[in-house]
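Please treat every number below as a calculation from the coordinates, not as lab data. Being a predicted model, the structure only gives us computed values, none of them experimental. FYI the Cβ positions are ideal-geometry reconstructions off the backbone, even for glycines, and counts take in every protein chain you see.
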Amino acid sequence: MIVFFSIVLTIYSLVNIYIYYKGYRSLPVLQDHRMLYSLIFFILSAVFIAAKFLESRHSSVITDILNIIGGFWLAFMLYGFLFFLISDIVIAGLKITGAIGGEHILLFRRWSFIFTVSVSVLLITAGFINAVIPVVTRYDISINKSAGEINNLRIAAVSDIHLGSIIRKRSIIKLSGMLNELKPDLVLLLGDIVDGELGPVLRGDLLQYFTCPQCTDGMYAITGNHEFIGGGDRTIPYIESKGIRLLKDEVVTLKGGIQLIGRIDRDSRRFYRKERLPLDSLIARVDTAKPVILLDHQPFHLGETASKGVDLELSGHTHNGQIWPLNYLTEKIYELSYGYMKKGNTHFIVSSGYGLWGPRVRLGSRSEVLLINVTFTGSDRPH
């Protein structure tokens, strides 16, 4: 973990230094007021890290505000770095070809800076608007197994709520309203209910606003990696105190013999020193002749799942990249980083999540609630 955070902090610092010098070299007014520019830039670049440090010690409205500002700065870092890098590549090409030189280089730098800041602000603003308008994404799937007298099951699944400094009371009330309108038979929470540190959640007891009286078959959840970041020994009991059944390497049987497997997140070992059970151990507890639904926060090893008689796996974690073009990165990491896939007889669905991490910005992805209509086409009658 020390190595990981050292690498992240190094990259974070280098990107900020790069953006700082691009701005400084582009506008004479910044050179004339170097001390003021340096101070403002340092504060903006440090605010996200400071917010996380302060939040771990005492959560308050101030740390919420710092997290919001720091999150937007993260988004600006991404687009600022990309656009400045492109401008450097372009100007290098123009220099090599002799198409530009002297004062024209300074003029190009000035306009590239203005363009970068302007377009980045527009993109971040659009991404913020997009992030606060969640949608319902519907899937219709068929499982060729019998669930007794149940022919159809209406599942609402929500991943990556990330309750904390950014996602607060208004967002969780909106989510509850969406679930009540959908009238699902079953609600499944696919991990990362809490963003990390529990302080911002406890301060407003945010999970008390999460309700779903229409859920006739109950509500089940699994842990994500963020449940362990702030301390699983505090976060997990808090979630369970709100009547949410957290499945920690457990199997429950629902009406019709539908079996639900909930796995502890794979990062529990890294943050919590708790190894999760192998999938084989959990499969040994179920009857694969009956419908089997697997909840696993991170969508890894899909081939293994498909070979075990699982009918449906639901996951989240990826956020579908959250901010373009990071979706291209998640597509390289995961066999399925978003949406639907079928391998053998197993259906896989990965959600982009309801909440966010870092900036309250989404570009190239949507905040969503999944509505999965499952039809059971098998028969208990002997052939």
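Order these by the 10 Å Cβ neighbour count, fewest first: Phe210, Phe41.
Numbers: Phe210 22, Phe41 17.
Ordered from fewest to most neighbouring Cβ atoms within 10 Å, Phe210, Phe41 come out as Phe41, Phe210.
Taking the mean number of other Cβ atoms within 10 Å as a proxy for protection, how do you rank 11-17, 253-259, 312-318 from highest to lowest? Display every interim value, and only then the final one.
Values: 11-17: 13.7, 253-259: 18.1, 312-318: 26.0.
Top to bottom by mean Cβ count within 10 Å: 312-318, 253-259, 11-17.
Remark: relative contact order (the chain) = 21 percent; criterion is Cα-Cα distance under 8 angstrom and separation of 6 or more residues.
With N set to the number of residues, divide the alpha-carbon radius of gyration of segment 180-298 by 2.2 N^0.38 Å and report two decimals. List each step's numbers first, then the result.
Working: Rg = 14.8 Å, N = 119, 2.2 N^0.38 = 13.5 Å.
Ratio of Cα Rg to 2.2 N^0.38 Å: 1.09.
With the Kirkwood sum run over all distinct C-alpha pairs, segment 2-131 has a hydrodynamic radius of 16.4 Å.
Note on the chain: helix-only mean residue ellipticity at 222 nm, from DSSP H runs of 4+ residues weighted -39500 (n - 2.57) and normalised by residue number, equals -14500 deg cm²/dmol. For Val201, the shell of other residues with beta-carbons less than 14 Å away shows a net charge of -3, using +1 for Lys and Arg and -1 for Asp and Glu.
Computed from these coordinates, which is Cα extents along the principal axes in Å: [x] 63, 58, 45; [y] 62, 47, 39; [z] 85, 49, 40? Of the listed options [x] 63, 58, 45; [y] 62, 47, 39; [z] 85, 49, 40, [z] comes from this structure.
To check you understand DSSP bridge types, tell me what percent of the beta bridges within segment 135-376 (both residues inside) are antiparallel, rounded to 5. Don't jump to the answer; show the numbers that get you there.
Details: 16 of 48 bridges.
Taking every DSSP beta bridge with both residues in segment 135-376, the antiparallel ones total about 35 percent.
For the chain, the membrane-span-like helix rule (DSSP H, alpha carbon extent of at least 27 Å along the helix axis, mean Kyte-Doolittle at least 1.6) picks out 34-55, 61-97; this says nothing about an actual membrane.
Taking other C-beta atoms within 10 Å as the exposure proxy, Ser268, Ser367, Ser307 rank Ser307, Ser268, Ser367 from fewest upward.
Between the alpha-carbon centres of segment 322-383 and segment 249-318 there is a gap of 16 Å. Taking other C-beta atoms within 10 Å as the exposure proxy, Val47, Val374 rank Val47, Val374 from fewest upward.
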